[in-house]
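The values are calculated or read from the model by the stated rules, or taken from the named source; none is laboratory data. No experiment lies behind these values; they were computed from the predicted model shown. Here Cβ is always computed from backbone atoms with ideal geometry, including for glycine, and neighbour counts include all displayed protein chains.
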Amino acid sequence: MIQWLAEPGLTHFLIVSAILFSLGLMAVLSKRNVIMVLMGVELILNSANINMIAFSRFTDLGLDGQMIGLFIIIIAAAEAAVALAIVLNIYNRFNSINLDEISLLKG
Amino acid sequence: MVEQTLYSISQFYPEIIITLTLCVIIVTDLLIKEENHTTGWILLGGFVLAGLTLMLQFGRNESVFFDMIAIDPFSHFFKALLLLTGIFIILFSVQSRELNNYMHRIGEYYMLLAGMMLGMMMMVSSSNLLMLFLAFELTSISSYVLVGFTKQTKRSSESSMKYIIYGAVSSGVMLYGFSLLIGITGAVDIYGINEALAGGTEHALLLNISILMILVGMGFKIAVVPFHFWAPDVYEGAPVSIAAILAVASKIAAFGLLIRFFSVSFIDAGGLTESGSWQVVEGIHWNQLLGVMAALAMILGNLTALRQDNIKRMLAYSSIAHAGYILMGVVILAGEGISSVMIYLFIYLFMNLGAFYVVMLFYNKTGTESIEKYKGLGKRAPLQGVALTIFLVSLTGIPPTGGFVAKLYIFGAAVSAGWIWLVAIAGLMTIVSLFYYIRVVRNMYFYEPEETAVKPIRFNVWSNVVLFALLIPTLLLGIYFAPLLEFARNSIHMFGM
């Protein structure tokens with residue numbers, strides 16, 4: 001067991017990323033505050049990133065994995081910027097960023 | 001390397017033209033002080049020019065930019081459809097009353113529209129998972145902002161927030177699926193994935209999980225059950241022109257992406273079955289999954305549409321149902337299926353844009369989107385009333401409209417491939433759909449207008465021209481569709497299949 005922990009391999013990284021993914025999904029599903037939901041989204045994107053980097057390090061995927069990782073970071077930043085702008089606008093309209101209070105549209 | 005890149009650029013003119021148009025719009029927006037739709041006309045010119053350069057490429061079948069982009073008849077067909085939709089959307093936007101309060105920012109609107117179009121055109125032609133994801137996000141991020149463009153209204157803000165949350169989560173899940181797929185196969189382009197899977201795989205379970213995750217993202221974009229929750233809210237809150245582009249162009253692009261990704265990656269290159277259809281890679285049953293999703297979408301979309309009063313919401317549920325019908329053509333794994341999907345999308349473009357257009361015209365004049373308040377509109381605006389009736393009848397699929405031909409081919413292809421249960425559900429649900437489409441027509445014609453509003457509504461000539469441009473193809477394609485058939489059958493060739 002100790003030996004297994006001392007020498008990190010592909011499996012370790014995949015486990016970490018799976019945990020991170022689950023935490024992100026849980027935040028998205030359970031949190032009512034929009035900002036917290038967006039943080040969950042960031043966790044999901046970064047868990048995919050860990051996968052990419054791990055595969056690029058431990059399999060013969062090569063640099064493609066790291067390149068994809070870089071692009072994902074950029075996409076995540078762009079998405080976060082747009083999302084925060086939209087949340088700011090929501091706050092101006094509704095005076096709240098709680099998902100339960102923002103529900104004009106239903107049916 | 002340099003030659004390959006230079007040659008690739010020469011095959012990339014439509015996208016380059018749209019990118020340049022985007023830049024020109026930004027500059028024009030800075031220079032021009034008047035608040036009018038100049039930037040919109042510039043974008044229209046850009047789309048037309050891109051369409052012309054696209055025509056020069058017809059017939060080519062190759063892969064450029066080091067297997068990142070495929071230039072093949074399949075992508076040409078979808079790009080042509082997307083540009084056509086884009087042109088109509090601009091013609092809608094310049095007449096839209098909702099945008100009038102935002103004329104000081106209208107340059108941004110058209111700039112984002114150009115960005116969205118660029119993303120969608122790359123979605124249908126990208127053959128590399130990274131490129132595919134970037135195109136997907138380019139489309140999504142532009143559309144998040146466009147949905148919330150009328151930001152003074154509460155419902156527009158709310159819908160854009162819902163859209164970005166659902167969108168970001170589902171594209172995140174899709175990305176995780178991509179990362180697993182890339183890890184298992186060790187390839188980032190769809191041809192490499194196909195090669196790696198050719199001899200079967202020992203990670204069948206993990207592969208199926210990754211496909212499920214990828215389906216979350218793609219299912220979100222085509223708005224198919226169970227990833228449809230955003231569609232009704234977003235369509236209701238967004239400006240009508242944006243709801244129309246989401247219902248038509250975004251869906252067309254997502255279908256192009258889905259068909260290319262699944263057919264090239266997960267079809268066994270070696271074999272056809274005895275009946276001449278394709279075979280999935282062993283152990284990966286993505287077509288069964290899609291079949292179940294199609295059935296759910298048809299049932300849920302049609303049944304929920306029955307209870308709607310807001311017409312945009314009703315059209316949203318109807319578009320979910322149509323996504324189900326179209327998916328039916330994808331699951332049957334044959335060239336016939338792909339060509340019937342293309343025929344359906346082509347006709348769907350005209351009839352659905354037409355329905356949204358009349359909804360927008362009525363909203364411009366009466367300010368209502370409620371089906372109950374459509375009472376008597378058929379008498380107050382005869383031409384628009386008749387047009388909406390034809391579009392809705394076509395959406396139902398009754399002859400002699402285009403919608404009938406579309407449904408005929410897709411149902412026929414599914415029957416001959418042996419998906420009888422799916423066709424039975426589709427047929428039954430088509431009958432259900434008649435009720436909610438005809439309810440609009442009944443309200444328009446079988447009731448007298450309310451006493452406060454009996455005056456006829458006048459529309460200008462220009463709006464009628466656009467109306468006829470949508471109405472004539474919808475009717476014509478119902479009786480004369482041989483060229484479309486020919487075009488679709490010639491366009492099913494994907495690079496690498």
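A few remarks follow.
- Counted residues, the range B:117-139 - those being farther than 19 Å from B:Ser263 by Cα and facing chain A (nearest Cβ under 10 Å): 3
- Annotation note: Cβ proximity below 8 Å between a residue of the range A:68-82 that is more than 9 Å from chain B (Cβ to nearest Cβ) and more than 21 Å from B:Tyr163 (Cβ to Cβ) and a residue that is surrounded by fewer than 16 Cβ atoms within 10 Å (Cβ to Cβ) and not aromatic (Phe, Trp, Tyr) (sequence gap 6+ or interchain) occurs for no pair.
- Residue list for the range B:140-174, filter: within 21 Å of the chain's Cα centre (by Cα), facing another protein chain (nearest Cβ under 7 Å) and among the β-branched types (Val, Ile, Thr): B:Ile141, B:Val145, B:Ile164, B:Ile165, B:Val169
- Screening A:Ser17, A:Ser47 for residues that are in contact (Cβ under 8 Å) with a residue 24 or more places away in the chain, hydroxyl-bearing (Ser, Thr, Tyr), closer than 21 Å to B:Glu137 by Cβ and more than 7 Å from chain B (Cβ to nearest Cβ) leaves exactly one candidate, A:Ser17.
- When the criteria are applied in full, B:Ser96 meets the requirement of being closer than 15 Å to B:Ala243 by Cβ and more than 9 Å from chain A (Cβ to nearest Cβ).
- Total residues in the range A:30-64, condition assigned to a helix (DSSP H, G or I) and among the basic types (Lys, Arg): 1
- Checking B:Ile87, B:Ile42, B:Ile25, B:Ile16 one by one, the residue that is part of a helix (DSSP H, G or I), surrounded by 14 or more Cβ atoms within 10 Å (Cβ to Cβ) and without any contact (Cβ under 8 Å) to a residue 24 or more places away in the chain is B:Ile16 and no other.
- Test result for A:Ala54, surrounded by 21 or more Cβ atoms within 10 Å (Cβ to Cβ) and either at the interface with chain B (Cβ under 9 Å from one of its Cβ atoms) or free of Cβ contacts under 8 Å to residues at least 12 places away in the same chain (or both): yes
- Checking B:Ile299, B:Ile326, B:Ile311 one by one, the residue that is closer than 16 Å to B:Ala355 by Cα and in contact (Cβ under 8 Å) with a residue 60 or more places away in the chain is B:Ile311 and no other.
- Options B:Gly378, B:Gly402; residue that is at pLDDT below 95, closer than 21 Å to B:Leu484 by Cβ and crowded, with 22+ Cβ neighbours inside 10 Å: B:Gly402
- Residue check, B:Ser8 more than 27 Å from B:Ile242 (Cα to Cα), part of a helix (DSSP H, G or I) and either under 22 Å from the mean Cα position of the chain (by Cα) or in contact (Cβ under 8 Å) with a residue 12 or more places away in the chain (or both): yes
- Residue within the range B:175-191 that is away from chain A (no Cβ under 11 Å) and at pLDDT below 95 present: yes
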